Amino acid sequence: MKNVPYIVLGLCLSLAFFSCDNEADFLTGGEFELEFSLDTLRFDTVFTELGSATRFFKVYNRSSNPVLIDAVALTGNEDGKFRMNVNGTAGDRVEQVEIWANDSIYVFVEVTIDPDAPLSISPFVIEDQVVFETGEKRSSVLLEAWGQNANYFPSRFNRGVPTLLTCDNQTIVWDDPKPYVIYGQILIDSCALEVAAGTRIYVHGGIAQNDLFGTFNDGIIYTLANGQIHFKGTAEDSIVVQGDRLEEGFAEEPGQWQGIIIGRGSKGNTMSYTTVKNSIFGVYVDSVGQLTARNSRFYNTNSSGIIGFHSRIDLENCLVYNNFANSVQLVNGGDYNFDYCTVASYGVDASAMSLSNFFCYDSPFTCQVRNDYRIRANFRNCIFFGTSRDELQFSDVSGGSVPQLFQVQFENCIVKVDQLLEQQEGLYANFLESDACINCINGERTDTLFADPNGDVYLLDSLSIAEGMARPLPGITTDLVGNERDPVAPDIGCFEYQY
């Protein structure tokens, strides 16, 4: 215990010594160079009122000495659009910022757009700089944000809440040039929602809970029995329905919102030149519901792009791809007609399309509680292709003993089947030679088909096996993007090859 005063004195002297050394070793002024993880921090399409996710960049000190930055400041932030936090200290100007030797710090930035900005300057670009002052030297990182006014429906405080959209069997038109941002779930009843060409709809997702749906992913457009949707896009001005996270790294992220549900008994629903993406599923058509979609795309989903459950779906010139389950699921029977469609399934262990005439309400392994219903499906001039050995999956509850329960026909289609020909005791062994697959091409993995499927480019390759192999169909003279189809020997799939 006699040595304690000496120990304490030694510690104090040591601390004083190291403190003095560290202070003396700081580089200041123009004695050092800073490095940044990027030169421009971008906020893509920030909606007014909503603000954005916080983004950040890193500042590196590559020297073997600690450095002292005089100040880090936002230069043009009088109106407070940007907010900054430098290594834990918030403010428009942060002084005496230290970075230790061979170390780095974080700079976090957030932006909010003025909701009252006039439409004439929306969308608009907001710019600022984060400037680093070291003596007479200045270095900076540019801030860029694209913002635009938006129509929030019903409001931005409606997360997880179902909202009834009704209009006494009339029509509500969404045609504002500003985008529509949906919070919660829209339930359309006794009303038709008509969406004009060029309209952008952004849906806010996230986990939510209520008495109607239980726990679910938020962001649903739902037509009840007396509700309808009419998406009237054109080749020049398509309609896009997607999630509302458009920052870098989120723009093409699947699973951001739930999807579009055509509810039980809802008929007369139409889509033209419409893109549905970044959802859990694209469109789910429930019992006896009906959808007609032309020149539309369904992609970047955590589940299927299109699901039909005992329903009617008519597709023409449509593209379905980049889905983490069967791109198209047709379950528990129904009526389906696909013309000139491309359904691609690359990089997932799921076929491009599955069809069944039953549904198990208990375990699929026991299936003691199920419903059976006949399926009638016709596919003309379509492509069902991908990386699996079989891109078609059939499930017939009757095992072929009741033909009228499973009436499926492919004409002039490109398919990919292998094990299907041997499974279920050879039930589909003659599939390629029967009336179920007329003039079909059973594609091989090595066949040339798409321009770049790994890059999600499903235009036809110049040597594609689909060229000139379709049968002309009355009334369908153009492809997905409006190119004229060959009147005598058109191409299979949603795209006509352009020479």
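The values are calculated or read from the model by the stated rules, or taken from the named source; none is laboratory data. Everything numeric in this text was worked out from a predicted model, so none of it was measured. Virtual Cβ from ideal backbone geometry, glycine too; neighbours counted across all protein chains shown.
Observations on the model:
- Residue, surrounded by the most Cβ atoms within 10 Å (Cβ to Cβ), within the range 184-211, restricted to residues that are of a type in the set (Val, Ile, Thr) and in a strand (DSSP E or B): Val203
- Among the candidates Gly263, Gly227, Gly214, Gly249, residue that is surrounded by 23 or more Cβ atoms within 10 Å (Cβ to Cβ) and of a type outside the set (Val, Ile, Thr): Gly227
- Number of the condition not met by Ala196 [criteria: (1) closer than 26 Å to Arg294 by Cα; (2) in contact (Cβ under 8 Å) with a residue 60 or more places away in the chain]: (2)
- Asn278 vs. criteria on the phi > 0 side of the Ramachandran plot and in contact with a Lys or Arg (Cβ under 7 Å, 6 or more places away or on another chain): no
- Set Val181, Val240, Val173, Val141: member being at pLDDT 95 or above, assigned to a strand (DSSP E or B) and under 23 Å from Thr54 (Cα atoms): Val141
- Any hit, the range 451-463, residues being under 30 Å from Asn332 (Cβ atoms), free of Cβ contacts under 8 Å to residues at least 60 places away in the same chain and outside the structural domain of Ala293 (by TED's automatic domain parsing): no
- Scope the range 256-277; condition assigned to a loop (DSSP other than H, G, I, E, B), closer than 30 Å to Ala145 by Cβ and at pLDDT 95 or above; matching residues: Gln258, Tyr273
- Residues located in the range 308-318, provided they are closer than 25 Å to Glu496 by Cα and buried (at least 24 other Cβ atoms within 10 Å of the Cβ): Ile313, Leu315, Asn317, Cys318
- Of the criteria (1) over 26 Å from His310 (Cα atoms); (2) modelled with pLDDT of 95 or more, which one Phe394 fails: (1)
- Among the conditions (1) out of contact with any Pro (no Cβ under 9 Å at 6 or more places or on another chain); (2) surrounded by 16 or more Cβ atoms within 10 Å (Cβ to Cβ); (3) at positive phi, the only one that Asn381 does not satisfy is (1).
- Considering only residues in the range 420-468 that are among the polar types (S, T, N, Q) and in a helix (DSSP H, G or I), the one that is farthest from Ser395 (Cα to Cα) turns out to be Asn454.
- When residues in the range 132-165 are screened for being touching a Ser or Thr at 6+ places or on another chain (Cβ under 7 Å) and without any contact (Cβ under 8 Å) to a residue 60 or more places away in the chain, 1 of them pass.
- Of all the criteria given as (1) at pLDDT 95 or above; (2) within 20 Å of Asn323 (Cβ to Cβ), the one not satisfied by Leu432 is (2).
Matching residues to (1) in a strand (DSSP E or B); (2) modelled with pLDDT of 95 or more; (3) buried (at least 24 other Cβ atoms within 10 Å of the Cβ); (4) not hydroxyl-bearing (Ser, Thr, Tyr):
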| residue | (1), (2), (3), (4) |
| --- | --- |
| Val320 | yes, yes, yes, yes |
| Phe338 | yes, yes, yes, yes |
| Ser351 | no, yes, yes, no |
| Phe359 | yes, yes, no, yes |
| Asp362 | no, no, no, yes |
| Thr366 | no, no, no, no |
